[in-house]
Every structure is written in structure tokens, then in C-alpha cells.
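Laboratory data are not the source of any read-out in this text; all were calculated from the coordinates shown. Keep in mind the model is a prediction, meaning the values are calculated, not measured. Note that we place each Cβ from the backbone using ideal geometry, even for glycine, and neighbour counts take in every protein chain shown.
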Amino acid sequence: MSSNSPSHSIAEIALPTRVADSFDYRINASDSNALQPGCRVRIEFGRRQMVGVVIKLKTGSDFPAERLKTIRQVIDTQPVIPAKLLELMQRGAAYYHHPLGEVVFTGLPKRLREGASATADKVAIWTALTLDDQASLLKRAPKQLAVLRQLQASPAGLATSEVSKAIPAPNDALRALERKGLVRKHFQQPGASGHTPSPADSAPKLTTEQQNALAALLPNNNAFAVNLLDGVTGSGKTEVYLNLVAPVIAEHHQVLVLVPEISLTPQLVARFSARFPGKVVSYHSGLNETEKFTAWRQAANAEAGIVLGTRSALFLPIPKLGYIIIDEEHDPSLKQGEGFRYHARDLAIFRGQIDDIPVLLGSATPSLETLANVERGRYGCVRLTHRAGDAHPPALHLVDLKRQNLQGGLSQTLIDKMHSHLERHHQVLLFLNRRGYAPAMLCHECGFLVDCPRCDAHMTWHASHHALHCHHCGHVSKPPQRCPDCGKAALQPIGAGTQKIEDVIHACFPENSVIRIDRDSMRHKHALDDALREIREGRHQIIIGTQMLAKGHDFPNITLVGMIEVDQGLFSSDFRAAERVAQQVMQVSGRAGRGKHAGEVVIQTMQPEHPLLQTLLHDDYRAITDG
């Protein structure tokens, strides 16, 4: 039965504009029984044709009916934004004082924002044909042969997107195989492929702490409640997540898992997919528009049992939502800093409240506001205080840079420890949360610093591009030949970024394979997935990374972590500086010694006596937050 009635003659419509209000439009009599809140419509706004979303149906308007324009077209017969999700968006717009139209359109893929059909196009499914002498036909086409072998391993056929997971850019090879009569294609609805998922991995035996955590959390699985899973790095929080959602999936409900960084998505997708084959879909900004729409459709049609993504996944329609998990809930990347500015953790809690389902926050270094809510009794809390298996916490060492001769930012103590760990065939992670070659360009005659002409932030020198980049607004320019202030040719880059550290490491460790992971080196679509796989395979001995590697990753053979610089955060004007430094130190330290070998962490600082660093050295994160 329609939610509309013949008396509803006015539709209140949200548009993707910066105007705070929604707009009233008249409903055609022929559409009065079909239109529902959450449906898209095409309307005339001024002289423009626009797509809007119906927020409310009304019997009248504050404006005279003759002054109202009429809806030109009803695009959807069913809402693309369900009622509870629309309520979340309205609540978010009110809470963050942002125009409702922009909030509503945040949750729609581009093709839906532009008014395209919400029904998925059919996709090509490729199957291999049985022919003799295939190898000789393809002896000069190794990529075609690899594609053919992959299709032969899946007799029911594979979609192009499934082929591309193993073989990048397979389209030309598939078309060539089709011309040679080695494969054929037919079209069917996405998700209807006969590809059989791999068998589910068996669950490992839980530690006593993990069992106790499950015993405390499982009774709250059927109603709204917020709980914190406060577990040290390496304690097995992901395994607790997997066991918590198993009964939810068994009851044919859906689960939303939010992570702060795209870099965390591949590892978690792999873990969840291994336990729940064929039920996981990911959603993040790294997908192209077709992939985003496919993921949106799978979530909306309840084809995906587990939706795993970054903050934008919060606005996907998930009709059978039964559980929400926010991993690394403390991470500032969960906050959207442009356009509709919101905190995904807080809106996820709103969504759990609206849907009356449990919300779990996970972190080794919980945010102060979350700990305050635990202390006040608003959230429950379960702790994991020991690493899983036989792993032990890494040993922390503070290195006083005032007493060290540095080689490109590296102390001799750190270099010596790197040699020691590499000789034992272990891996080393060097952390510096500053990409580029040097963070500033300084005139050594007058002290002038080259600033961005757009936003006044210091320009960062990128040696690979021979250019200055602003990491704040994105402006790029060539370096001036002379100082703009004094006119002298004395401009030099100062400080060290990840690019410079990479050059230093190549010079100091020429026989070891080095990989740098930051936003500059991981621009290609599959670059990060490939890099993480290569690290786990042991193909690189030294890893240089920014915050992309600071949390969540499990590299069992990394036994030494070097934090090249932590001092900047110690004297920041940000009121959260101490909290952020403590979280960063503990998270980065947690990458060391997660396997069977003991781990070490070297923290380089000019302030080894600083109270925060001394507390982390002798106690733990809770000693800081409780103080």
C-alpha cells in the first residue's frame, strides 16, 4: 500500500544546493499514488533542470499553490533512500547545521545524483570453451593465456570485474580470446554470476580474553547499545568482530563495518571474505563510479551481508541492518573535512539508535570523548589487555637526537638496529607522517619561507616532480630561482619527508629492497593492494610509510619500527595534540613484533624527557588518558 494518499498534493523536495531550505512542488494527479519520501524526481529550479529527493508529502504549502511549480518527472517507483536512512540524514543536517539537500545527495552515487535508473545494467559473463591446442594458439600472448586459465578454473563464468581482481585491465585480452573462439560471453544481472565462493575459513581458537569479550557483548546483539572494545594492538579485535557478526549473518541480517582509511580496507575485506565468502562488498572513494553503483545496489538489495567501507559507506541504504562496527574509532580520518562536515562515528551511533541495533567501537587507543562516555555509563566497555598468541608487546627506546650524528634524519642508533634486524631476515618499518622530499623551502640568507599563494601554508618540496606542493589546498608551482624577499639565490629545502628518507635508505642499505607507501606513491588503483601483498610475501625488507601504515595492518615479520620524528606534535597548538601523539606512538609501535619474533620500537626525539613520552615508555596509553 502506498504511503501517499490522494490528499497529498505537495511534495517537499531537497536539492543539492547550499540553500538550507527544501522546496515545495505540486504533484501531478497521475503521480499522486506513486510518489513516496526518498524517491527522486526531476524538477525545474529557476531555469535549470535538476534532480531532487522527496523529503515529505504534504496537503498544503505556506506558498499559494498557483506560485508553485509542478514536478516534471517521477524517476523512482520505490525510494532510493529508505525512511530510516532519510531520518538519519535529516538528523545529521540539523546536528551539523548543514543544508539538507547536500546531506541527502552525499549518500547517492554519481549516476543516481544525475537521475539515472536505480536498476542495474546487465553485465557480461565470460566462459571458456573447451578446445585442443590452446597453449600453441596463445604462446605469444601470455596475458590471454592467463585470462583463459582463470576462466577455465571457473566453469560457471566470471564477470570482467572478477577477472580483473587477478589480472589487471583484462578487456583487450578477453576481446582477443572471443575473436579466436576461445571464450564466449552472455549478459545477466550483476551478482547473478555462477561463480562459486571459496569455502569459508574455519575460525581459530579464541583466547580466554576474546571468549570473555564475546560473552559480554553477545547478549546486547538485539537492541541499541554502544560498546567499546578497548584492545591493545595485536590483541585480536578483528577476530572478535568476526565472531560477533556471525550470528547476525546467520539470521540474514546485514552488518556495516566502517574503517578510517582506504588502506585498511583490503586487509579487512580479505579477513571477512575468508570467513563469510561471497557476502562482503567494499565501498570507498578509490572505486570508480560503476563500482560504487554496483556496491550501492548490492547493499540496497540486501545482496551484501557485510558492507565494509570508509565514512561514505555510512550513507548506503542497508535495509536489513543488524550491527554496526567502527574500527579505529579514535582516528581523525573518520571526520569529513570538506562539504558536509561530519564525524562518521557519531552519525553511526545515530544510525544505530534509529535502527535499534548495537554499535561497537573498536580501538587500541580510544578517543578521550569515548572514554568519557564509558566513564559516565553511556557506553559499555570490554578490554583486551594481552596480545593474541605468543606475541609480546614491543620494547620501546627513546633516542635523544641532541647526542646523535644524523644521516638524513636517521640516528646511528636506529641505523645499527636496522642492520641487526635485517641480518636476522626480519623486516623494518620506518614511520614519518610527512610525505614529499622536504617540508619547507628556506632562504639561508634572510630566513624567508616559501608559502602557498592561495592559503599561506608552507609549500612542500617534491624532488621527483621538481615542484613545490601545498598539502593543504593542492596548489603546485615551480620553485623560484631567487628568494622573493631578498633576491639572493639561497633557497634550499629543509627537513625530511618520506621521499628524502627513501633516498637515504637506498644509500645506507643498497642491498635491501625498499618500498615507500604514501599518497604520492600509491596513486594507481591497485598499487596499495599490490604493495601490501608484497610486504606480507617478504619481497621488501624496509618499508617507509605515513599514517597509511600506522594502524590496523598485520605484518608478522616486521620486528623493528623506527619513528623518525614525533616532536612536532608535542608542541602543537592543537588542543588534541597530546592525545594524537600518544595514539600515534602506540598505534605505530603496534606494528612491531606481531608474529613469533620479539619487536622493538625506536622513537627519535629532541625531547626524551618530555612527560608524555616518559609515560608511554614506562606505562601505557591508559596512564595518559586516566591522568
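Could you tally the net charge around Lys417, taking each other residue with its Cβ under 13 Å from the Cβ of Lys417, Lys/Arg +1 and Asp/Glu -1?
On the way: positive: Arg424; negative: Asp416, Glu423, Glu600.
Around Lys417, the charge tally is -2.
Quick one: which of Lys165/Lys551; Lys122/Lys292; Lys165/Lys205 span more than 27 angstrom between C-alpha atoms? Each step should come with its number before you reach the end.
Numbers: Lys165/Lys551 25 Å; Lys122/Lys292 16 Å; Lys165/Lys205 31 Å.
Pairs exceeding the cut-off: Lys165/Lys205.
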- Note on the structure: Summing +1 per Lys or Arg and -1 per Asp or Glu among the other residues with Cβ less than 12 Å from Glu114's Cβ gives +4
- Message: Using the basic label-point model (7 angstrom from Cα toward the beta carbon), what is the Asp201 to Arg175 distance in nanometres?
- Response: 3.8 nm
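Quick check on the chain: of the DSSP beta bridges with both residues there, what percent are antiparallel, nearest 5%?
Working: 39 of 91 bridges.
Within the chain, antiparallel bridges account for around 45 percent of the total.
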- Task: Normalise the Cα radius of gyration of segment 10-113 by 2.2 N^0.38 Å (N = residues in it) and let me know the number.
- Result: 1.00
- Query: Once label points are set 7 Å from the Cα along Cα→Cβ at both Ser477 and Asp574, what is their separation, rounded to one decimal in nm?
  - Reply: 2.6 nm
- Message: Test of understanding: what is the full-extension gain from His524 to Asn301, defined as 0.36 nm times their sequence separation minus their Cα-Cα distance?
- Response: 77.2 nm
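Provide the gained length on full extension for the span Met606 to Gln412, in nm with one decimal, where the gain is 0.36 nm per separating residue minus the Cα-Cα distance. Intermediate values should be presented prior to the final figure.
Values: separation 194, 0.36 × 194 = 69.84 nm, distance 1.46 nm.
Stretched fully, the Met606-Gln412 segment lengthens by 68.4 nm.
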- Pop the C-beta distance of Thr70 and Lys335 into the FRET formula with R0 = 35 Å and round what comes out to the nearest 0.05. 0.30
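What is the extension gain from Glu114 to Asp31, computed as 0.36 nm multiplied by their sequence separation minus the C-alpha to C-alpha distance, in nm to one decimal? Before the final figure, lay out each step's value.
Values: separation 83, 0.36 × 83 = 29.88 nm, distance 2.08 nm.
Here the answer is 27.8 nm.
Write out the GluC sites (Glu not before Pro) in segment 543-612 meeting two conditions: DSSP loop, and at most 13 other Cβ atoms within 10 Å of their Cβ.
Numbers: sites: Glu565, Glu579, Glu600, Glu609; in loops: Glu565, Glu609.
Hits after loop and neighbour filter: Glu609.
Once R0 is set to 22 Å, what does the formula 1/(1 + (r/R0)^6) return for the Cβ-Cβ distance between Ala489 and Ala463, expressed as a FRET efficiency to the nearest 0.05? Don't skip to the answer; put the middle values down first.
Numbers: r = 18 Å, r/R0 = 0.83.
With a Förster radius of 22 Å, E is 0.75.
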- Would you mind computing, in nm to one decimal, how far apart the modelled labels at Thr385 and Leu218 are, each placed 7 Å from Cα along Cα→Cβ? 2.4 nm
- Could you sort out which of Lys143/Lys596; Lys185/Lys279; Lys180/Lys279; Lys56/Lys279; Lys143/Lys500 sit more than 32 Å apart by Cα distance in this structure? Lys143/Lys596; Lys180/Lys279; Lys56/Lys279; Lys143/Lys500
